[in-house]
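The values are calculated or read from the model by the stated rules, or taken from the named source; none is laboratory data. Everything quoted here is computed from the prediction, not taken from an experiment. We place every Cβ from the backbone using ideal geometry, glycine too, and count neighbours over all the protein chains shown. Remember, those area values only see protein heavy atoms, side chains included, never the ligands or the DNA or RNA. Shrake-Rupley method; radii C 1.70, N 1.55, O 1.52, S 1.80 Å.
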Amino acid sequence: MKSEALSHIRICDFTGQLAGAGATRWMAAFGAEIIRIEDPVRLGKWDVLRGTSPFADDRRGHEFGGCFNNHNVEKLGVTLNLRTDRGKELLAEIISVSDAVTENFAAGVLERLGFGYDRLKEIKPDILYVSNCGFGHVGPYRKYKTWGPIVQACCGLTFTSGLPDMPSAGWGYSYMDHHGGNFMAMAIMAGLIHRSRTGEGQWIDMSCTDAGATMLGPAALDYTVNGRPLRRDGMPYSNRSQFPAMAPHGIYEADGHDAWLALAARDDRDWQAIAGLMGINDQRFDDLAGRLAYEDELDDAVRAWTSSRDRFKAASELQAVGVPAAGVAKPEDRIDNDPNTEAWGLWPTVTHGEMGRVRVDGIPAHFSETDWVLERGGPLLGQHNRQILGGLLGHSDAELTDLAAEGVI
Amino acid sequence: MTGNDLPGALAGIRVVELAGEASAYAGLMLAGMGAEVIVVEPPDGHHTRGFEPFLDDEPDPERSLWWWHYNASKLGVTMDLGDEDDRNRFRSLVATADVVLESQRPGRLAYLGIDHDTLRADHAELIWVSLTPFGRNGPRSQEESIDLTVLAAGGPVWSCGYDDHAIPPQRGGGNQGYQTGSVFAVLSAQTALLARDSTGRGQFVDVSMHAAANVTTEFGSVQWLVAGDEVQRQTGRHAAIEPTTFTRALSADGIDVNTGFPPRSARDFAVVVEWMESLGLKDQFEEFFFLEMGAQLEEDLHLSQVGQDPEVTAMFGAAREAVRFISENITAYEFFIGAQERGLAVGIIYSPEEVLADPHFQERGFPVEVEHEDLGRSFTYLGAPYIAPKSPYRIRHRAPHLGEHNSIIEALA
């Protein structure tokens, strides 16, 4: 069973890592035919995740990368040696029956492989081409190299995480690889919608740093309108609320090893509920102005209550009086012990050709008519050569045998 | 038409958005893509008009920069959904819509008789995107939530913070829990629009911010799913199973940089040698000898040998320290440009306002001027996440005043 949402769409896909592969992952979950092109000579290693940890067991190599499997579920895998003329011809055949070509190589790489936008248009005049790299294909930094943490640093996101007078804590993972992929999916689908309406293709130049920089709007306007920079004394203070102001608003020590509780008072009603539950009786905290003026003392008073309590039980007590609160979830808490993620079906099990059955990230949206389906793991190297080159393009078994012998596929 | 006058990809699509703190970013993006987004707020204004910061720090429903940013390119109408006449107007408005976007508490719209179940009967093509903290039906769907608790419950917070675990883990800034949910709400609307092209039918989409946070934590989830390992937070770098070495340094001008991955190839060692010599830092760096040794390598250093082979360990350590030493002796921007021009991937840790001043973002046309004709001024806004020459994403106009486009609903009556 596949989702019918995007089953009318076929993509010739060069994306890799997460910042690219995440884009076509979404579309694959909704039934698009994603044909992932890989290099047989280098065993698909232009996506380094093919062979890197985490691993499900003791086996290692290009078929065992846990992240590769996670990011490439429901895609098809085709190998083409683009150093050969025959490999280039086969790629052109795939492009000629595709709606879009997608990649997140460094700027200029696909062109050097002989498939720049002009060539793509020759093959298919209405093709949609979406490129995605750290700084985009236009601008003085177009050749600069990035990965998630570099993107996050340069677009302002890293700076916003942390405490005053401390180094930036940053994001402890490649947040912008996820959103690089998500914004790329947005760009692809916008391009497909435009194409279906007008019949017109185009080259969309997606930049992860541009995408990341769109995510800090009010702070940016505070500078461009009011002249107040975020780089100033006392800022950032990321567990406290900036826009709008709230207090208390933070992550507080709870009972147990590295155990934490998040809670906030959105208004005076929330505060009265918190103060009642915690037995805090201090007139300085009666209104927001007072709570902000004495926020350190306020945090101490809250911590005195939270620090001896189990984070989840304390969150339940706060929820019972209508206050937003949550234990800081460790991976096990949210993946194996959260009734909501279980009810959602958030961690589906896929079947991978070598790794077997493996749990992966699900999709955070459910569609009433054409919901996502994640059943098949990431493709083995060349797993779908016969299906695509034979079934779709019509090359015979004998031809495919020759192509394999000649090192083309 | 010049590129800037072209309609966007979603031109001709009408989106009715019930004003909401979490969904505002989704509406902004749909409007940026050219949809006609009509944001519906109560007659006395949505509460987010009371959010800081304000123009010149003067609180006023028309001066909230939060409202300005998140509602740019949208049209604004007012309705009292507690009033049956206005609910009928809302029903009439929805009848003209392609997409409804809302982030109301589960159950509220059903209670008011204006939910998808009630309205879809006459409108099979309608797409309805609901964005809520835990989805509409799960066991936690009635919990009180804000951005902080979504990110705490959903995984991102666990992975962010400092090496010192006596310091609480950190939530990154910018309400990313809401925004991550919004990003998926946009993908959902687009996917449902493409599905409607082929099936002719609309549908209901239930987006969960908690689920969205859960599946955007990279190794935090995958390590556990695949290998049952729990990552641990570290200052300024990926949470990991085993501690990794520093990637942050403080440049001579007091701005943090990300020093990237230490050089491992002969080429990269040679680059660092040349850079140190050109800066006159060679004699101040005691381990310079090991950099020269690295420049003679015949194959790249293998990480597995670090800590095993003394020479490899010395070269690797010297390279890492050399990059840090350079960064501490020049400005952050000189370091960023100097390294990247030499092919070394490093980053400068910009604050949001510094991004807008950077020549690269300016050349890409990222900062854009938005006219506020009512104030006789224009202001610089954040621009597009991608450049689409035939169907540009752009800020089309300033956010609406309260009830500015109520003529839209009057015309329906």
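Observations on the model:
- Take the conditions (1) facing chain A (nearest Cβ under 9 Å); (2) closer than 19 Å to B:ARG91 by Cβ; (3) assigned to a loop (DSSP other than H, G, I, E, B); B:ALA124 misses just one of them, which is (1).
- Looking only at the stretch B:174-211, residues that are open to solvent by 10 Å² or more (accessible area, probe 1.4 Å), in contact with a Ser or Thr (Cβ under 6 Å, 6 or more places away or on another chain) and not in a helix (DSSP H, G or I) come to 3 in all.
- Given (1) buried (at least 16 other Cβ atoms within 10 Å of the Cβ); (2) in contact (Cβ under 8 Å) with a residue 12 or more places away in the chain; (3) among the charged types (D, E, K, R), number of the condition A:ASP222 does not satisfy: (2)
- Candidate set from the stretch B:231-245 (those that are buried (at least 16 other Cβ atoms within 10 Å of the Cβ) and in a loop (DSSP other than H, G, I, E, B)); member that is nearest to the other protein chains (Cβ to nearest Cβ): B:GLY236
- Test for B:GLU298: is it out of contact with any Cys (no Cβ under 8 Å at 6 or more places or on another chain) and either surrounded by fewer than 15 Cβ atoms within 10 Å (Cβ to Cβ) or more than 23 Å from A:GLY148 (Cα to Cα) (or both): yes
- Only listed residue being within 26 Å of A:GLY353 (Cβ to Cβ), of a type in the set (Lys, Arg) and open to solvent by 40 Å² or more (accessible area, probe 1.4 Å), chosen from A:ARG59, A:ARG119, A:ARG112: A:ARG59
- With respect to being surrounded by 24 or more Cβ atoms within 10 Å (Cβ to Cβ), polar (S, T, N, Q) and part of a loop (DSSP other than H, G, I, E, B), B:THR216 fits the description.
- In the stretch A:47-56, the residues that are touching a residue at least 24 places away in the same chain (Cβ under 8 Å) and open to solvent by 30 Å² or more (accessible area, probe 1.4 Å): A:VAL48, A:ALA56
- The residue list A:GLY87, A:GLY16, A:GLY66, A:GLY77 contains one member that is in contact with a strand residue (DSSP E or B) (Cβ under 8 Å, 6 or more places away or on another chain), open to solvent by less than 20 Å² (accessible area, probe 1.4 Å) and away from chain B (no Cβ under 12 Å), which is A:GLY77.
- Test for A:VAL328: is it within 14 Å of chain B (Cβ to nearest Cβ), under 30 Å from A:ALA265 (Cβ atoms) and modelled with pLDDT of 95 or more: yes
- Failed item in (1) more than 28 Å from A:GLY217 (Cα to Cα); (2) in contact (Cβ under 8 Å) with a residue 40 or more places away in the chain, with A:MET246 passing the rest: (1)
- Subset tally (residues that are within 17 Å of B:ALA24 (Cβ to Cβ) and surrounded by fewer than 19 Cβ atoms within 10 Å (Cβ to Cβ)) for the stretch B:42-61: 5
- Meets criteria (at the interface with chain A (Cβ under 7 Å from one of its Cβ atoms), within 21 Å of the chain's Cα centre (by Cα) and not in a loop (DSSP other than H, G, I, E, B)) for B:VAL222: no
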